[in-house]
1. Just give me the residues in region B:492-505 being surrounded by 21 or more Cβ atoms within 10 Å (Cβ to Cβ) and either within 25 Å of the chain's Cα centre (by Cα) or at pLDDT 95 or above (or both), in sequence order.
2. Among the candidates B:Gly93, B:Gly183, B:Gly133, B:Gly174, single out the residue that is surrounded by 21 or more Cβ atoms within 10 Å (Cβ to Cβ) and within 30 Å of A:Ile97 (Cβ to Cβ).
3. Looking only at region B:1-42, which residues are hydroxyl-bearing (Ser, Thr, Tyr) and either at positive phi or assigned to a loop (DSSP other than H, G, I, E, B) (or both)?
4. Counting only residues that are of a type outside the set (D, E, K, R) and more than 11 Å from the chain's Cα centre (by Cα), which one in region A:10-23 is nearest to the other protein chains (Cβ to nearest Cβ)?
5. Would you check if there is a residue in region B:44-59 being in a loop (DSSP other than H, G, I, E, B), more than 14 Å from chain A (Cβ to nearest Cβ) and out of contact with any Leu (no Cβ under 7 Å at 6 or more places or on another chain)?
6. Within the group B:Arg223, B:Arg150, which residue is in contact (Cβ under 8 Å) with a residue 24 or more places away in the chain and more than 9 Å from the ligand (Cβ to nearest atom)?
7. Given the structure, is B:Leu157 within 11 Å of the ligand (Cβ to nearest atom) and away from every other protein chain (no Cβ under 14 Å)?
8. Let me confirm something: among B:Gly371, B:Gly413, B:Gly390, B:Gly417, which residue is on the phi > 0 side of the Ramachandran plot and surrounded by 24 or more Cβ atoms within 10 Å (Cβ to Cβ)?
Amino acid sequence: MTRPTIKVRCFRYDPETDAEPRFQEYQVPMEDGEMSVLDCLRHIREHLDPGLAFFAGCHLGFCQRCTLRVNGKVVLACETTAGGDMDLEPVNADEVIRDLWCGST
Amino acid sequence: MAETLYDRDLTCDVLVVGSEGAGGPTAINAARAGLDVLIASKGRMGRCGASQMAGADFNLDGRSAIALGLPGDERDSPERFFEDLVREGFFLGNQRMVEKYVEYAARNTADLLEWGMPVFRFEQVHAEEMARGIITSGVRWVRILRRKAREMGITVLEDTMVVDLLTREGRACGAVALDLRSGEVVLIKARSVVLCTGGWQQAYHFNSAAADLTGDGQAMAFRAGAEMIGMEMVQYIPMTMLWPPLARKSILPYIMMETEVGPLVQLLNGEGERFMQRYDPTTMEQSTKEIVAIASELEVEAGRGSPHGGVFFALKHLTPEGIDFVWGKFVEFLDQNGDKRSEFRKLLPHLLEMAKTEDLEVGNAVHFMVGGIKVDERTRTGVPGLYAAGECSGGLWGSVRVASATTQVGAQGRIAGETCPEYVGSVEHAEPERAQLEAVRERIMAPLERSDGARPIEVLERMYGITDEYLRVIRDGEGLQNAYDELNWLRRDEASRLHVTASRTRRLNREWHLCLELENMLLCLEMSALASLRREESRGGFYRSDFPYTDNDRWCVNAVISNRDGEPSLRLEKPVVTSMQLPSGRMTFEEAVASGTASLRRGEVEQP
Ligand SMILES: Cc1cc2nc3c(=O)[nH]c(=O)nc-3n(C[C@H](O)[C@H](O)[C@H](O)COP(=O)(O)OP(=O)(O)OC[C@H]3O[C@@H](n4cnc5c(N)ncnc54)[C@H](O)[C@@H]3O)c2cc1C
């Protein structure tokens, strides 16, 4: 059975080595039919790219450290359903330590 | 030359590792005593660990509650609270620690009220952990601790993982930490160290807790020569969301069961049967966490589970109007208390809406570590200068936690903060030994420097495979032996050659952090499997299908693990007794259920 996959475009940036940010595209299978944005990111890190930097904490909206932008909108990755292709960006690109992880989150 | 071993160094009187329910009060009380305190936290204070996620309830006996101006209960007393805790913990608890718990439960509550913690509700009768005290919010609790620590000017190193302790002539003299943001290695010289690092829930795939809880404190204490106690006692929480995936790991159904709605909820097996009537016909679904967890798993094992390996949490019979009414009541309660937690505000209505047409699937998640670093009633480990408070410590509860953990961590935090000043006043800073520093540095850097070896994700998945298969609520000798052998091999042969496969950066490199955490999780699991294998009986939340009875004649003893040349070595030790004699004889599972839920039923009888 082939599971439906979605395209996730992630903001990648290491201010120490990269001249500028870029987007990297990953194909993420919708394993259970319903996944949170945070689940997608974990899938990427566990199966596709262990080097991707983002924050995963409590999974249930308490710590709020997984705040990021999904298609431009600021949300918590853990409580947002991944519906269809999406662009993931840090809350504030100027504060990025690496990839989706900002100094302020 | 030292510069090559660390990038920065700091000095303090007390290093508190972990910033939350236990770490906060430890730091605050040590600072009150005039000590120079430094907190190092793997996360950000008020946004990490289990504490933020707690319900939360704070216990104290009814009489002490009245003394604090709360609507307590005259019939209750510190002595009665003590007796309930020892009896329902099946007598493995250190009675001196339980006495201190009861005494400091009241002090902890007084502190928190003084610092501005809101009281949502007071519950009078001891009904497992949700009563005999205050209901409030974990988020509000940790934010209050953070505010207090800030007011007192306590320095917090955030996103900083302490990797190992340093000792000199057998005494703790500091630690080495990794600044996760910069990748810098930080040397912290301290006259004493208090570990407040929480549990090792992340070693299990299905757990209810936060990502930073990987048993680092237990593992580093073990490496420094401290002992562990009760490592086999792992508390599972039943009624944790398995399905739908967005809600996975949320304990909302369990929380609902503890509210007024609880008696309306039905737990059903795959055949639509209310199975609790076969295990605990008196208290049914309202039984203790342990009993519901064991019953749920027995149903799954018997092939009567739900599609995703759990049981059903059913509300459908209440009708859509009934469910809306339930939600209305919740909103009222939340509004009254200004409670904004998203789990309640967003997830709960989503689940209730679903529950109108389908039953939710729930299962047993690893929730709380009953055992941990062996301490005495003043939080002292066997290593001078090293203390442990909160969930990372062990010895208080015995075989099952029957009262509030949030109270435990606050009480022990205060005790630790009061205990270490005396010691700190008696010692000078000791220079760390170069050989130790080199060894820690090597442990930290090796995964980044190795060009091949074991892949961390693969080791993680194998570890989950072992815990999923063998280290479940229901255990047996054969499975435990397999678990122990596989874990021992994984730790010694694989975890020792982990390597970072992707980015080699030192900044926010999660794959690297995972390498360091895996060693710790595997060590905790191995100790847990070892103690589980030795304990040939069932007791409290610990259940072995090959020994399904409580055997007081042989097993009213604690499993204590010490470090023998780097390897865990187990011995048995009688619990510390003050006023309650240890029981004798054997109890069947049914008798144990009756004994373990005694105060639940007493509540029903005595309620006016
Ligand atoms: C979902 C959930 C709900 C709960 N509800 C309740 C409830 O209603 N009532 C109740 O009594 N109990 C409840 N509990 C249990 C209770 O919340 C915890 O036992 C308690 O809060 C633990 O407090 P702690 O300070 O010991 O550890 P934690 O709060 O887990 O904090 C551990 C700290 O140590 C830090 N740390 C870990 N490793 C390192 C390291 N290597 N270096 C530096 N820092 C480190 C962490 O980042 C964190 O700051 C609940 C638990 C969960 C998971």
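The values are calculated or read from the model by the stated rules, or taken from the named source; none is laboratory data. Only a predicted model underlies this, so the values are computations on that prediction, with no experimental measurement involved. FYI the Cβ positions are ideal-geometry reconstructions off the backbone, even for glycines, and counts take in every protein chain you see.
1. B:Ala495, B:Leu498, B:Val500
2. Numbers: B:Gly93 fails: within 30 Å of A:Ile97 (Cβ to Cβ); B:Gly183 fails: surrounded by 21 or more Cβ atoms within 10 Å (Cβ to Cβ); B:Gly133 fails: within 30 Å of A:Ile97 (Cβ to Cβ).
On inspection, the qualifying residue turns out to be B:Gly174.
3. B:Tyr6, B:Ser19, B:Ser41, listed by residue number.
4. So in region A:10-23, the residues of a type outside the set (D, E, K, R) come out as A:10-11, A:13, A:15, A:17, A:19, A:21, A:23.
Keeping just the survivors that are more than 11 Å from the chain's Cα centre (by Cα) gives A:13, A:15, A:17, A:19, A:21, A:23.
Values: A:Tyr13: 12, A:Pro15: 9, A:Thr17: 8, A:Ala19: 16, A:Pro21: 15, A:Phe23: 17 Å.
Only one residue tops the list, namely A:Thr17.
5. To start, the set of residues in region B:44-59 that are in a loop (DSSP other than H, G, I, E, B) comprises B:44-50, B:54-56.
Narrowing the set further to residues that are more than 14 Å from chain A (Cβ to nearest Cβ) leaves none.
No; the residues of region B:44-59 include none that is in a loop (DSSP other than H, G, I, E, B), more than 14 Å from chain A (Cβ to nearest Cβ) and out of contact with any Leu (no Cβ under 7 Å at 6 or more places or on another chain).
6. Answer to the selection: B:Arg223.
7. In short, yes.
8. Going through B:Gly371, B:Gly413, B:Gly390, B:Gly417 in turn, just one is on the phi > 0 side of the Ramachandran plot and surrounded by 24 or more Cβ atoms within 10 Å (Cβ to Cβ): B:Gly390.
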